[in-house]
Each structure stands twice: as structure tokens, then as C-alpha cells.
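Quick notes on the structure that follows.
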Amino acid sequence: MNANSENQAKGNKLWLERIKWISVVGLFLLAVGSKYYLHITHMSILITLLLIIATCVMLFLTTKGKALLLFANEAQNEIGKVVWPTCQESIQTTFIILAVTIVMSIIIWGLDRMLVRILSFITEL
């Protein structure tokens, strides 16, 4: 009997989740439709904005929406833990990268010129 009540509770939660998603899609379609079918007035902009807010609220009431909010919160916390380089470190790193890029460009250019001369020597024979 206990397993039957658990299955019924899961079924109710599944239906509730589906209803939430259907309302999210419906509110979104209403928001898009209100933008296209209402004339541009302050009231139509307000209605569209309220529909978008209602869509977001309903979205965040779903299981996936709650997971999204949790992920965003954890990402924000991780960003706070990042140690950012100082201005001086950024400038020094930029100059190092620039110098290495120039040196590698010269080396590749030199190899290219050498290969062109070798191939032109071989093709002249």
C-alpha cells in the first residue's frame, strides 16, 4: 500500500511539473503575441513586461528553474573566489605574449622563405 501512495505522489508531482511548464510556454507565447498584436503604447509595453516577468517567475518555480538558480548562485560564489591579476601583471603578461608572438612569426617566416628557396632550387633542376 505504501508503494502505491509513493507512485501516486510521484505522479502528482509529475503532473504539477508539466502544468508549470505548460504555463511557462503559454505565458511566453502570450508575451510574444502581445508584442506583435498590440499597438505600441505604454500600456502594451507594460503588459508585455508583466507577462515576461510572470514567465520568469513561473520558470523559476519548476524543478529545472530552481536548479538553474542554484547553478547561477554557485557560479557567482566561485567568481568571488577568483584572484584577479593586478594591472602591472596584466601589462607584463601582454608584453611577454607580444614578444613571443613576434619571435615565432619571424621564425616561421624564415622557415617559409628557406623552404621556398629549396623548392625553387629543386624545381629548376
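The values are calculated or read from the model by the stated rules, or taken from the named source; none is laboratory data. Just so you know, these numbers come straight off a predicted model, no measurement behind them. No Cβ is skipped: glycine too gets one built from the backbone with ideal geometry, and neighbour counts run over all protein chains shown. The protein model used for the area step is the full one, side chains on, heavy atoms only, and it has no ligands, DNA or RNA in it. Shrake-Rupley method; radii C 1.70, N 1.55, O 1.52, S 1.80 Å.
Here's a check for you: in region 47-96, which residue that is touching a residue at least 12 places away in the same chain (Cβ under 8 Å) and among the hydroxyl-bearing types (Ser, Thr, Tyr) is surrounded by the fewest Cβ atoms within 10 Å (Cβ to Cβ)?
As a first pass, look at region 47-96 and keep what is touching a residue at least 12 places away in the same chain (Cβ under 8 Å): 47-48, 51-52, 54-55, 58-59, 61-63.
From what's left, among the hydroxyl-bearing types (Ser, Thr, Tyr): 48, 55, 62-63.
Numbers: THR48: 19, THR55: 20, THR62: 18, THR63: 12.
Here the answer is THR63.
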| said: Under 8 Å between Cβ atoms, which residue pairs at least 6 apart in sequence (or on different chains) link something in region 30-43 that is under 15 Å from ALA54 (Cα atoms) with a partner that is aliphatic (A, V, I, L, M)? | reply: LEU30/LEU51; ALA31/LEU51; ALA31/ILE52; SER34/ILE47; SER34/LEU51
| query | What are the residues in region 33-46 that are loosely packed, with under 13 Cβ neighbours inside 10 Å and in a helix (DSSP H, G or I), if any? | reply | GLY33, TYR36, TYR37, HIS42, MET43, LEU46
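State yes or no: is LEU111 open to solvent by 70 Å² or more (accessible area, probe 1.4 Å) and either part of a helix (DSSP H, G or I) or at pLDDT 90 or above (or both)?
yes
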| task | Output the number of the condition that LEU119 fails; it satisfies all remaining conditions of (1) in contact with a helix residue (DSSP H, G or I) (Cβ under 9 Å, 6 or more places away or on another chain); (2) open to solvent by 90 Å² or more (accessible area, probe 1.4 Å). | result | (1)
